[in-house]
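What follows is a set of notes on a single structure, which appears directly below.
The values are calculated or read from the model by the stated rules, or taken from the named source; none is laboratory data. Keep in mind that what you see is a predicted model, and the values were worked out from it rather than measured. Here the Cβ positions follow ideal geometry from the backbone for every residue, glycine too, while neighbour counts run over all protein chains shown. These area figures cover heavy atoms from the full protein model, side chains too; ligands, DNA and RNA do not enter into them. Shrake-Rupley method; radii C 1.70, N 1.55, O 1.52, S 1.80 Å.
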Amino acid sequence: MYRAVIFDFDGTMIDTEQHLYEVINKYLVGEGHEPVSLAFYRENIGGRALALHEHIMALLGEEKVEQLYREHHEGAAHLPLRPGIETLLQQLKQRHIPMAIATSSVRRSILPTIEALGLNDYISVVVGREDVEAVKPEPDLYLTAVQALNHNPAYCLAIEDSVRGATAAVRAGLDVIVNTNQMTETSDFSHLPLTDQDTDLTTLIERYFEGKRL
(Lines give C-alpha, C1' and ligand atoms only; values in the text may rest on other atoms or scores of the structure.)
Protein backbone atom coordinates (compact mmCIF):
# COMPACT_ATOMS: atom_id res chain seq x y z
CA MET A 1 0.00 0.00 0.00
CA TYR A 2 1.38 3.40 -0.95
CA ARG A 3 1.91 5.97 1.76
CA ALA A 4 2.56 9.12 -0.29
CA VAL A 5 2.01 10.52 -3.78
CA ILE A 6 4.34 12.74 -5.76
CA PHE A 7 2.93 14.57 -8.75
CA ASP A 8 4.65 16.07 -11.71
CA PHE A 9 3.11 19.48 -12.37
CA ASP A 10 3.30 20.64 -15.99
CA GLY A 11 1.11 18.49 -18.20
CA THR A 12 0.12 16.24 -15.29
CA MET A 13 -1.91 18.43 -12.95
CA ILE A 14 -2.81 21.08 -15.53
CA ASP A 15 -2.21 21.16 -19.28
CA THR A 16 0.53 23.77 -19.28
CA GLU A 17 2.34 22.06 -22.17
CA GLN A 18 -0.29 22.91 -24.75
CA HIS A 19 -0.62 26.39 -23.29
CA LEU A 20 3.12 27.09 -23.46
CA TYR A 21 3.33 25.74 -27.01
CA GLU A 22 0.61 28.16 -28.10
CA VAL A 23 2.14 31.14 -26.30
CA ILE A 24 5.60 30.49 -27.76
CA ASN A 25 4.24 30.30 -31.28
CA LYS A 26 2.13 33.43 -30.79
CA TYR A 27 5.29 35.37 -29.94
CA LEU A 28 7.35 33.82 -32.73
CA VAL A 29 4.75 34.48 -35.40
CA GLY A 30 4.15 37.96 -34.02
CA GLU A 31 7.83 38.74 -34.55
CA GLY A 32 7.83 37.31 -38.08
CA HIS A 33 9.43 33.94 -37.28
CA GLU A 34 8.38 30.41 -38.12
CA PRO A 35 6.48 28.67 -35.32
CA VAL A 36 8.18 25.77 -33.57
CA SER A 37 7.00 22.41 -34.80
CA LEU A 38 4.98 20.07 -32.63
CA ALA A 39 7.71 17.45 -32.98
CA PHE A 40 10.43 19.83 -31.75
CA TYR A 41 8.32 20.95 -28.81
CA ARG A 42 7.53 17.37 -27.84
CA GLU A 43 11.25 16.52 -27.82
CA ASN A 44 11.73 19.09 -25.04
CA ILE A 45 8.97 17.99 -22.67
CA GLY A 46 9.83 16.81 -19.17
CA GLY A 47 13.28 18.30 -18.55
CA ARG A 48 15.03 21.66 -18.77
CA ALA A 49 14.00 22.11 -22.42
CA LEU A 50 17.32 23.82 -23.12
CA ALA A 51 17.13 23.38 -26.88
CA LEU A 52 13.69 25.00 -26.98
CA HIS A 53 14.74 27.80 -24.64
CA GLU A 54 17.90 28.56 -26.60
CA HIS A 55 15.92 28.56 -29.85
CA ILE A 56 13.41 31.16 -28.72
CA MET A 57 16.09 33.21 -26.97
CA ALA A 58 18.05 33.43 -30.24
CA LEU A 59 14.97 34.59 -32.13
CA LEU A 60 13.20 36.78 -29.57
CA GLY A 61 15.83 38.01 -27.12
CA GLU A 62 15.82 37.96 -23.35
CA GLU A 63 13.21 40.69 -22.79
CA LYS A 64 10.61 39.12 -25.07
CA VAL A 65 11.26 35.64 -23.69
CA GLU A 66 10.77 36.87 -20.13
CA GLN A 67 7.51 38.49 -21.24
CA LEU A 68 6.50 35.23 -22.93
CA TYR A 69 7.09 33.14 -19.82
CA ARG A 70 5.33 35.71 -17.64
CA GLU A 71 2.27 35.54 -19.89
CA HIS A 72 2.41 31.76 -19.81
CA HIS A 73 2.53 31.57 -16.01
CA GLU A 74 -0.23 34.13 -15.60
CA GLY A 75 -2.42 32.24 -18.06
CA ALA A 76 -1.66 28.88 -16.48
CA ALA A 77 -3.27 30.04 -13.24
CA HIS A 78 -6.61 29.99 -15.05
CA LEU A 79 -6.28 26.53 -16.58
CA PRO A 80 -8.51 23.74 -15.22
CA LEU A 81 -7.07 20.77 -13.39
CA ARG A 82 -6.73 17.73 -15.63
CA PRO A 83 -9.41 15.01 -15.42
CA GLY A 84 -9.47 13.13 -12.14
CA ILE A 85 -6.84 15.26 -10.39
CA GLU A 86 -9.18 17.16 -8.07
CA THR A 87 -11.05 14.04 -7.00
CA LEU A 88 -7.79 12.19 -6.35
CA LEU A 89 -6.42 15.09 -4.31
CA GLN A 90 -9.56 15.15 -2.19
CA GLN A 91 -9.51 11.38 -1.66
CA LEU A 92 -5.84 11.41 -0.65
CA LYS A 93 -6.36 14.29 1.77
CA GLN A 94 -9.33 12.53 3.39
CA ARG A 95 -7.04 9.55 4.05
CA HIS A 96 -4.20 11.78 5.35
CA ILE A 97 -1.85 10.62 2.59
CA PRO A 98 0.88 13.26 2.10
CA MET A 99 1.42 14.73 -1.37
CA ALA A 100 4.26 16.57 -3.10
CA ILE A 101 5.08 18.10 -6.45
CA ALA A 102 8.39 17.34 -8.18
CA THR A 103 8.86 19.56 -11.21
CA SER A 104 11.64 20.46 -13.62
CA SER A 105 10.18 23.96 -13.71
CA VAL A 106 11.49 26.77 -11.55
CA ARG A 107 9.64 26.41 -8.25
CA ARG A 108 9.19 30.12 -7.64
CA SER A 109 7.61 30.50 -11.09
CA ILE A 110 4.86 27.96 -10.50
CA LEU A 111 4.08 28.68 -6.83
CA PRO A 112 1.62 31.49 -7.73
CA THR A 113 -0.20 29.05 -10.06
CA ILE A 114 -0.26 26.38 -7.37
CA GLU A 115 -1.76 28.90 -4.95
CA ALA A 116 -4.28 30.22 -7.50
CA LEU A 117 -5.51 26.69 -8.20
CA GLY A 118 -5.96 25.97 -4.49
CA LEU A 119 -3.39 23.19 -4.53
CA ASN A 120 -1.80 24.46 -1.32
CA ASP A 121 -4.72 22.81 0.46
CA TYR A 122 -3.34 19.43 -0.61
CA ILE A 123 0.36 19.71 -1.45
CA SER A 124 2.80 19.94 1.44
CA VAL A 125 6.08 19.89 -0.53
CA VAL A 126 7.09 21.49 -3.84
CA VAL A 127 10.50 20.65 -5.28
CA GLY A 128 11.73 22.54 -8.35
CA ARG A 129 14.85 22.81 -10.48
CA GLU A 130 16.53 25.29 -8.15
CA ASP A 131 16.41 22.66 -5.38
CA VAL A 132 18.50 20.00 -7.14
CA GLU A 133 21.65 19.58 -9.19
CA ALA A 134 19.96 17.80 -12.10
CA VAL A 135 16.36 17.70 -13.31
CA LYS A 136 14.43 14.92 -15.02
CA PRO A 137 15.27 12.33 -16.32
CA GLU A 138 17.72 12.26 -13.41
CA PRO A 139 16.14 11.08 -10.13
CA ASP A 140 17.13 14.09 -7.98
CA LEU A 141 13.74 15.81 -7.90
CA TYR A 142 11.92 12.69 -6.78
CA LEU A 143 14.57 11.70 -4.24
CA THR A 144 14.41 15.19 -2.73
CA ALA A 145 10.62 15.12 -2.56
CA VAL A 146 10.59 11.65 -0.98
CA GLN A 147 13.11 12.79 1.62
CA ALA A 148 11.03 15.91 2.39
CA LEU A 149 7.98 13.70 2.92
CA ASN A 150 10.06 11.43 5.18
CA HIS A 151 9.11 8.28 3.30
CA ASN A 152 10.78 5.39 1.52
CA PRO A 153 10.61 5.58 -2.33
CA ALA A 154 9.23 2.02 -2.42
CA TYR A 155 6.06 3.25 -0.70
CA CYS A 156 5.60 6.36 -2.85
CA LEU A 157 3.63 6.60 -6.09
CA ALA A 158 4.61 9.05 -8.83
CA ILE A 159 2.11 10.44 -11.31
CA GLU A 160 3.67 11.69 -14.54
CA ASP A 161 2.93 12.56 -18.15
CA SER A 162 6.31 12.37 -19.93
CA VAL A 163 9.08 9.88 -20.66
CA ARG A 164 11.71 12.03 -18.92
CA GLY A 165 9.53 12.40 -15.86
CA ALA A 166 8.62 8.74 -15.65
CA THR A 167 12.27 7.80 -16.12
CA ALA A 168 13.26 10.07 -13.24
CA ALA A 169 10.68 8.50 -10.93
CA VAL A 170 11.70 4.95 -11.88
CA ARG A 171 15.37 5.78 -11.27
CA ALA A 172 14.43 7.14 -7.85
CA GLY A 173 12.77 3.83 -6.96
CA LEU A 174 9.12 4.89 -7.20
CA ASP A 175 6.27 3.14 -8.93
CA VAL A 176 4.89 5.32 -11.71
CA ILE A 177 1.51 5.94 -13.27
CA VAL A 178 1.62 7.90 -16.52
CA ASN A 179 -1.39 9.82 -17.76
CA THR A 180 -0.48 11.35 -21.09
CA ASN A 181 -1.86 14.54 -22.61
CA GLN A 182 -2.13 15.64 -26.24
CA MET A 183 1.56 16.57 -26.22
CA THR A 184 2.83 13.28 -24.79
CA GLU A 185 0.27 10.78 -26.07
CA THR A 186 2.58 9.77 -28.94
CA SER A 187 5.54 9.08 -26.63
CA ASP A 188 6.94 5.57 -26.29
CA PHE A 189 6.91 4.33 -22.69
CA SER A 190 7.41 0.67 -23.56
CA HIS A 191 10.92 0.53 -22.05
CA LEU A 192 9.69 1.69 -18.64
CA PRO A 193 8.14 -0.57 -15.96
CA LEU A 194 5.01 1.52 -15.47
CA THR A 195 2.44 0.57 -12.86
CA ASP A 196 -0.35 1.92 -15.04
CA GLN A 197 -0.93 4.23 -18.01
CA ASP A 198 -3.78 6.50 -19.11
CA THR A 199 -6.06 5.40 -16.33
CA ASP A 200 -8.99 6.95 -14.48
CA LEU A 201 -7.34 8.74 -11.58
CA THR A 202 -10.55 8.69 -9.55
CA THR A 203 -10.18 4.91 -9.17
CA LEU A 204 -6.61 4.90 -7.82
CA ILE A 205 -7.61 4.93 -4.17
CA GLU A 206 -9.61 1.74 -4.48
CA ARG A 207 -6.92 -0.03 -6.49
CA TYR A 208 -3.67 1.15 -4.91
CA PHE A 209 -4.36 2.61 -1.46
CA GLU A 210 -6.85 0.24 0.10
CA GLY A 211 -5.07 -3.04 0.60
CA LYS A 212 -2.22 -4.61 -1.34
CA ARG A 213 -0.86 -3.09 -4.53
CA LEU A 214 -1.92 -4.95 -7.68
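Listed here are the residues, each with its yes/no results for (1) touching a strand residue (DSSP E or B) at 6+ places or on another chain (Cβ under 7 Å); (2) modelled with pLDDT of 95 or more; (3) assigned by the TED database to the domain that holds residue 179.
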position: 59; (1), (2), (3): no, yes, no
position: 63; (1), (2), (3): no, yes, no
position: 68; (1), (2), (3): no, yes, no
position: 93; (1), (2), (3): no, yes, yes
position: 103; (1), (2), (3): yes, yes, yes
position: 108; (1), (2), (3): no, no, yes
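All of (1) touching a residue at least 40 places away in the same chain (Cβ under 8 Å); (2) out of contact with any Ser or Thr (no Cβ under 9 Å at 6 or more places or on another chain) hold for residue 135 with one exception: (2). Residue check: residue 206 meets all listed conditions (1) exposed (fewer than 14 other Cβ atoms within 10 Å of the Cβ); (2) not in a helix (DSSP H, G or I) but one, namely (2). Of the residues making up the stretch 1-31, those that are open to solvent by less than 70 Å² (accessible area, probe 1.4 Å), farther than 20 Å from residue 80 by Cβ and without any contact (Cβ under 8 Å) to a residue 60 or more places away in the chain are 24, 25, 27, 28, 30. For the stretch 159-180, filtered to residues that are of a type outside the set (A, V, I, L, M, F, W, C), under 20 Å from residue 41 (Cβ atoms) and in contact with a Ser or Thr (Cβ under 8 Å, 6 or more places away or on another chain), the residue that is most open to solvent (accessible area, probe 1.4 Å) is 164.
Do we find a residue being under 18 Å from residue 15 (Cβ atoms) and in contact with a Lys or Arg (Cβ under 6 Å, 6 or more places away or on another chain) anywhere in the stretch 108-118? Before you say what the answer is, go through the steps one by one.
Quick first cut of the stretch 108-118, residues under 18 Å from residue 15 (Cβ atoms) only: 109-110, 112-114, 116-118.
Restricting the remaining residues to those that are in contact with a Lys or Arg (Cβ under 6 Å, 6 or more places away or on another chain) gives none.
No, the conditions are met nowhere in the stretch 108-118.
Residues are listed down the side, and each one gets a yes or a no for (1) over 16 Å from the mean Cα position of the chain (by Cα); (2) crowded, with 17+ Cβ neighbours inside 10 Å; (3) not polar (S, T, N, Q):
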position	(1), (2), (3)
90	yes, no, no
112	no, no, yes
117	no, yes, yes
138	no, yes, yes
148	yes, yes, yes
152	yes, no, no
157	no, yes, yes
184	no, yes, no
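Would you confirm whether any residue within the stretch 9-24 is more than 28 Å from residue 88 (Cβ to Cβ) and not assigned by the TED database to the domain that holds residue 93? Walk me through how you get there before you give the answer.
Of all residues in the stretch 9-24, those more than 28 Å from residue 88 (Cβ to Cβ) come to 24.
Imposing the further condition that a residue be not assigned by the TED database to the domain that holds residue 93 reduces the set to 24.
The answer is yes; a qualifying residue exists.
Evaluating residue 160 against the criteria (1) of a type in the set (Asp, Glu); (2) under 25 Å from residue 75 (Cα atoms); (3) modelled with pLDDT under 95 leaves one unmet condition, (3).
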